Amino acid sequence: MKFKPPDDTVPLLRMTRQRRIILEEFHTPGRHPTPDDVYMRIRRKLPNISLGTVYRNLEILSQAKLIKKLRLGCRQRRYDGGLHRHYHVRCVKCGKISDIPADSFPDLDDTAKGHGFKILGHQLEFEGLCQACRKAGRSQKGR
Ligand code: ZN
Ligand code: MN
């Protein structure tokens, strides 16, 4: 099965069984797994796959624009199956990531126009403390 790319800047992708199973990990919205997360979850279906192959296929799938590589402030790279325009908030304590809808934002690329640059994109990440970490912080103080 050949996957038809969204535009002609993207190379044709051979949809192997491995890639299909990796891609299935991104059907649940709101998850932002690291390559290790994906590796651990697909091992039951693909017992012989190596972590390196998972890394390589995630890269290929993101180049084919079937998933998005996130460049967030966290140490390990993460991938996102949500291809719509949205932002992320990351817990600085535990690394939990949530989606922030972008509908309420103006087009930030427009904001940056007029500085002699052709704007190709932008990155925006919110930082915070998730509910669980805030709760844990409070109970520690109470001790
Ligand atoms: Zn947290
Ligand atoms: Mn996301």
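The values are calculated or read from the model by the stated rules, or taken from the named source; none is laboratory data. Since this is a predicted model, take the numbers as computed values, not measurements. Heads up, the Cβs are rebuilt from the backbone with ideal geometry, glycines too, and the neighbour counts pull from every protein chain shown. These area figures cover heavy atoms from the full protein model, side chains too; ligands, DNA and RNA do not enter into them. Shrake-Rupley method; radii C 1.70, N 1.55, O 1.52, S 1.80 Å.
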Taking the range 75-104 on its own, how many of its residues are near ligand 2 (Cβ under 9 Å from one of its atoms), under 14 Å from LEU124 (Cα atoms) and not β-branched (Val, Ile, Thr)? 5
Odd one out for GLY95, checked against (1) more than 16 Å from ligand 1 (Cβ to nearest atom); (2) at positive phi: (1)
Kindly provide the set of residues from the range 110-143 that are in a loop (DSSP other than H, G, I, E, B) and either open to solvent by 100 Å² or more (accessible area, probe 1.4 Å) or touching a strand residue (DSSP E or B) at 6+ places or on another chain (Cβ under 7 Å) (or both), ordered by number. LYS113, HIS115, PHE117, LYS118, LEU120, GLN123, LEU124, LEU129, CYS130, ARG143
If I filter the range 21-51 down to residues being loosely packed, with under 12 Cβ neighbours inside 10 Å and closer than 20 Å to LEU83 by Cβ, which single residue comes out as modelled with the lowest pLDDT? PRO29
With modelled with pLDDT under 85 and surrounded by 11 or more Cβ atoms within 10 Å (Cβ to Cβ) as the only criterion, which of ASP107, ASP80 stands out? ASP107
